[in-house]
Amino acid sequence: MKSKYIYLTYFTVLLSLAACKKSTIGVQSPQVNITLKNATAVQDTFVYKIGDTVRFMISGDAGNITVYTGDAGHNYNYRNRSTVTGGIPELSFTSTEQYGTQINTLQVLATNSLAVLDSAHIVNATWTDITSRAVLAPSTTATNSGTIQLGDLIKNPNDSLLIAFKYTGATGSTQRTWTITNYIVNTLLPDNTLSSISTTATASAYWTKFHIAGSSANWAPTTSQLQVVGGAATAPNNVCWIVSQPLYVSQISPDVAVPIKNIGSPNVPEYDYIYTAAGKYTATFVVFNNSAGDQKTVIKQFNIKVTQ
């Protein structure tokens, strides 16, 4: 019985090895030639003007072809990037102010050190008052805040950033109503491109409101705006906050390639692209054949200069 068991086990192992070997199907390296048709060549660089069609001619055969065009979001060197060093978070929003004559009723605050998102920690946290960095509406005319840079609040890539709007209304005269729209936080990357971090598209999940003292008036977030409606002259004093979720402004999505051809689809004779800004770009084609157990990849790169 023991010898039969050993034999069956050995036979099972052989079958498993054979199955693994059979599933590993090798592939050949892709045979593809890519050239630029309508280019002015200066040494190793191809020169175009803004709005020109950059036409890549493709011949040969490959299962998959993708391209990193080299502009924002499609840089081959950033394909594995998940954090950025040296980025500057930027805040902007639009505000309107209605009713009454009370002054200094809205503050814009930011912090990178908030342990717990509750009313006690909100009040006692170390906030940086960034109100003076913003342009606030003096009336019902919608006013853009301008670009508010917050790089001084980020000390390392793991820091989170929270933005708050604090409202204060006083009894004795009509209290103000504030409306905030077009709220957005971007990170200005070292290459002068912007990475969008947050908008109010998910307002109910993104914002947390806190009524600290006084009347029942409080912030009301929706998908299109943040608003606090103050009371009449007889309303009690009022203090209320609305605070964003933590923003990890140094985290960034990796750049991605544009797919041109997938396995099984017909060969593509050309790929056209138009660069919309002057600059220097490296267009990188990643051409590969693959199977369940093998992949052969060829990289082809072109230096491109776009002028006015």
Name, by its number, the condition in (1) within 30 Å of the chain's Cα centre (by Cα); (2) modelled with pLDDT of 95 or more; (3) not assigned by TED's automatic domain parsing to the domain that holds Ser224 that does not hold for Gly51. (2)
Quick check: anything in the stretch 113-125 in a helix (DSSP H, G or I), closer than 30 Å to Leu226 by Cα and touching a Phe, Trp or Tyr at 6+ places or on another chain (Cβ under 6 Å)? yes
What about Tyr281, is it closer than 23 Å to Leu189 by Cβ and of a type outside the set (D, E, K, R)? yes
Kindly establish whether Ser250 is hydroxyl-bearing (Ser, Thr, Tyr) and surrounded by 18 or more Cβ atoms within 10 Å (Cβ to Cβ). yes
Residue under evaluation Ala72, criteria (1) under 20 Å from Thr307 (Cβ atoms); (2) outside any strand (DSSP E or B); (3) at pLDDT 90 or above, criterion not met: (3)
Restricting the stretch 91-100 to residues that are of a type outside the set (Phe, Trp, Tyr) and surrounded by fewer than 19 Cβ atoms within 10 Å (Cβ to Cβ), the one nearest to Ile180 (Cα to Cα) turns out to be Thr94
Mind checking whether some residue in the stretch 261-280 is buried (at least 16 other Cβ atoms within 10 Å of the Cβ), of a type in the set (Val, Ile, Thr) and modelled with pLDDT of 95 or more? no
Ile103 meets each of (1) surrounded by fewer than 19 Cβ atoms within 10 Å (Cβ to Cβ); (2) of a type outside the set (D, E, K, R); (3) in contact (Cβ under 8 Å) with a residue 12 or more places away in the chain with one exception, condition (3)
Pull up the stretch 226-240, narrow it to residues that are crowded, with 17+ Cβ neighbours inside 10 Å and polar (S, T, N, Q), then point me to the one that is nearest to the chain's Cα centre (by Cα). Gln227
Selected residue (only one of Val287, Val256, Val243, Val298 is out of contact with any Asp or Glu (no Cβ under 8 Å at 6 or more places or on another chain), more than 28 Å from Tyr48 (Cβ to Cβ) and hydrophobic (A, V, I, L, M, F, W, C)): Val243
Filter the stretch 139-193 down to residues that are without any contact (Cβ under 8 Å) to a residue 60 or more places away in the chain and part of a strand (DSSP E or B) and give me whichever is farthest from Ser95 (Cα to Cα). Ile148
Is it the case, given these coordinates, that Ser160 is small (Gly, Ala, Ser) and modelled with pLDDT under 95? yes
Among (1) in contact with a strand residue (DSSP E or B) (Cβ under 7 Å, 6 or more places away or on another chain); (2) closer than 30 Å to Ser198 by Cβ; (3) at pLDDT below 95 - the single one Ser253 does not satisfy: (1)
Subset of the stretch 46-61 that is more than 23 Å from Thr297 (Cβ to Cβ) and charged (D, E, K, R) - its residue that is surrounded by the fewest Cβ atoms within 10 Å (Cβ to Cβ): Lys49
Within the stretch 196-206, identify whether any single residue is farther than 22 Å from Gln251 by Cα and either in a strand (DSSP E or B) or touching a Cys at 6+ places or on another chain (Cβ under 9 Å) (or both), and answer yes or no. no
Give me a count of the residues in the stretch 207-224 that are farther than 30 Å from Val84 by Cβ and either buried (at least 19 other Cβ atoms within 10 Å of the Cβ) or of a type outside the set (Ser, Thr, Tyr) (or both). 11
Is one or more of the residues making up the stretch 199-212 touching a Ser or Thr at 6+ places or on another chain (Cβ under 8 Å), farther than 23 Å from Ser119 by Cβ and touching a residue at least 60 places away in the same chain (Cβ under 8 Å)? no
Would you pick out the residues in the stretch 258-304 that are under 26 Å from the mean Cα position of the chain (by Cα) and basic (Lys, Arg)? Lys280
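The values are calculated or read from the model by the stated rules, or taken from the named source; none is laboratory data. Owing to the predicted nature of the structure, the values given are computational and were not obtained by experimental measurement. Cβ atoms come from the backbone with ideal geometry, glycine included; neighbour counts cover every protein chain shown.
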